[in-house]
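Working notes, structure below.
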Amino acid sequence: MLKLEKVTGGYANIPVLKDVTFEVADGELVGLIGLNGAGKSTTINEIIGLLTPYGGQIAIDGLTIQQDSASYRQKIGYIPETPSLYEELTLREHLETVLMAYGLDVTEGMARADKYLKLFRLDEKLDWFPTQFSKGMKQKVMIICAFIVNPSLSLLMNFLGLDPLAISDLIELLAEEKAKGKAILMSTHVLDSAEKMCDRFVILHHGQVLAQGTLEELRQTFGDDSASLNDIYMQLTKGELS
């Protein structure tokens, strides 16, 4: 379980997040939604430890980064919006490097990776270098790197660049992770997909949790019983521009 309690934080002593509190339970996929600048990326950076909160607490399975930074980070599988790969390493070497960084057995990890490689049709490209990959293929590599470590918590940023088949494969994979009892937090602008995939949503606005809950609960909050997630997002946009 991921738990944020009254987290305040940001960059260069300029608070972005203000008393952000929410949870992602085991076996749950929560969508982190908000306009540009709402604090979604800052929230993710606070969780993974790139930023240190000014106040509040973040815990994964009851463990904070202050208690044991290595064990805390080993619980996280992170898929960034922009793929970041080493040009001099093959796909195989990327996977092996990630496994070693997490202190995991490489042979066992590569055996576990085989399923994901086949799912995303990269099993015959283990000796390819990043320069040979399209943007979508690089994104698939990041997805595989995140899941081969068997994380307690998966963090996904926007998965733009994936083709429809890859998005379908990712949805299937996330469903499997949920069934295993893993917690998943996804920040995305692909609201149609998020509406179908997520169990609950957290809406950030100006660094604060404006609303959270299931789609039905958000509809009640925004006063529209038939609103889609995109409709709710547009209401936020109109409010921002008015």
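The values are calculated or read from the model by the stated rules, or taken from the named source; none is laboratory data. Predicted model, so just to flag it, every value in this text is computed and none were measured. Positions of Cβ are generated from backbone atoms using ideal geometry, with glycine treated the same way; all protein chains shown enter the neighbour counts. Surface accessibility is based on the protein's heavy atoms, side chains included, excluding ligands, DNA and RNA. Shrake-Rupley method; radii C 1.70, N 1.55, O 1.52, S 1.80 Å.
Here are some conditions: (1) closer than 23 Å to Ala211 by Cα; (2) open to solvent by 50 Å² or more (accessible area, probe 1.4 Å); (3) touching a strand residue (DSSP E or B) at 6+ places or on another chain (Cβ under 6 Å). Ser41 meets all but one. Which one does it not meet?
Unmet for Ser41, out of (1) closer than 23 Å to Ala211 by Cα; (2) open to solvent by 50 Å² or more (accessible area, probe 1.4 Å); (3) touching a strand residue (DSSP E or B) at 6+ places or on another chain (Cβ under 6 Å): (3).
When you go through (1) of a type outside the set (A, V, I, L, M); (2) over 16 Å from Ser187 (Cα atoms); (3) modelled with pLDDT of 95 or more one by one for Tyr54, which number turns out not to apply?
Exception for Tyr54: condition (3).
Scan the range 210-239 residue by residue and report those that are acidic (Asp, Glu) and either under 15 Å from Ser193 (Cα atoms) or in contact with a strand residue (DSSP E or B) (Cβ under 9 Å, 6 or more places away or on another chain) (or both).
At the first step, the residues of the range 210-239 found to be acidic (Asp, Glu) are 216-217, 224-225, 231.
Those that are acidic (Asp, Glu) and either under 15 Å from Ser193 (Cα atoms) or in contact with a strand residue (DSSP E or B) (Cβ under 9 Å, 6 or more places away or on another chain) (or both): Glu217, Asp231.
Can you pull out the residues in the range 6-38 that are open to solvent by 80 Å² or more (accessible area, probe 1.4 Å), of a type outside the set (A, V, I, L, M, F, W, C), in a strand (DSSP E or B) and free of Cβ contacts under 8 Å to residues at least 60 places away in the same chain?
First, pick out the residues of the range 6-38 that are open to solvent by 80 Å² or more (accessible area, probe 1.4 Å): 6, 11-14, 18-19, 26, 36.
From the residues that got through so far, the ones that are of a type outside the set (A, V, I, L, M, F, W, C) too are 6, 11, 13, 18-19, 26, 36.
Now restrict to residues that are in a strand (DSSP E or B): 6, 11, 18-19.
Within the range 6-38, Lys6, Tyr11 meet the criteria.
Being farther than 23 Å from Tyr116 by Cβ and modelled with pLDDT under 90: is that true of Leu241 here?
Details: farther than 23 Å from Tyr116 by Cβ: yes; modelled with pLDDT under 90: yes.
Taking the combined requirement at face value, the residue satisfies it.
A quick yes/no check of all residues on (1) more than 18 Å from Asn36 (Cβ to Cβ); (2) without any contact (Cβ under 8 Å) to a residue 24 or more places away in the chain:
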residue: Lys135; (1), (2): yes, no
residue: Lys178; (1), (2): yes, no
residue: Met186; (1), (2): no, no
residue: Arg200; (1), (2): yes, no
residue: Leu210; (1), (2): no, no
residue: Gly223; (1), (2): yes, yes
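What are the residues in the range 134-155 that are under 21 Å from Gly109 (Cβ atoms), open to solvent by 60 Å² or more (accessible area, probe 1.4 Å) and not in a loop (DSSP other than H, G, I, E, B), if any? Can you show your working first?
Quick first cut of the range 134-155, residues under 21 Å from Gly109 (Cβ atoms) only: 137-155.
Right, trim to open to solvent by 60 Å² or more (accessible area, probe 1.4 Å) and you get 138, 150.
Lys138 - this is the single residue of the range 134-155 that is under 21 Å from Gly109 (Cβ atoms), open to solvent by 60 Å² or more (accessible area, probe 1.4 Å) and not in a loop (DSSP other than H, G, I, E, B).
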